[in-house]
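Enquirer: Have a look at this one before I ask anything.
The values are calculated or read from the model by the stated rules, or taken from the named source; none is laboratory data. These numbers were taken from a predicted model, which means no experiment stands behind them. Here Cβ is always computed from backbone atoms with ideal geometry, including for glycine, and neighbour counts include all displayed protein chains.
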Amino acid sequence: MSFQMFPCPHCPAELDSHRSLEHHIKTAHADTTDTGRTHRCTTCDEEFVACMDWLRHYDEEHAGEAGKMAS
């Protein structure tokens with residue numbers, strides 16, 4: 001059985017749920033979120049100003065890809 005992992009756009013961490021990723025970003029990267037820095041998608045290299053925009057993009061565009069590649 002394969003599990004989908006959610007990569008952090010700021011560090012090498014991969015988390016097992018979207019909620020865990022949001023929590024990780026808010027706690028581990030509080031100084032880098034929504035401060036004018038960009039958030040780069042690790043899958044397609046697209047950039048976002050707001051972290052939540054990146055998370056939405058990942059959910060809509062890439063959420064199923066991790067499971068497909070692991071199969």
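Enquirer: I'm trying to understand the selection: among the residues of segment 3-18, which are touching an Asp or Glu at 6+ places or on another chain (Cβ under 8 Å) and within 17 Å of residue 48 (Cα to Cα)?
Expert: Correct list: 6, 7, 8.
Enquirer: Right, another one. Restricting to segment 19-36, and then to whatever is surrounded by 13 or more Cβ atoms within 10 Å (Cβ to Cβ) and in contact with a helix residue (DSSP H, G or I) (Cβ under 9 Å, 6 or more places away or on another chain), can you tell me which residue is modelled with the highest pLDDT?
Expert: If we take residues in segment 19-36 being surrounded by 13 or more Cβ atoms within 10 Å (Cβ to Cβ) and in contact with a helix residue (DSSP H, G or I) (Cβ under 9 Å, 6 or more places away or on another chain), then 21 is modelled with the highest pLDDT.
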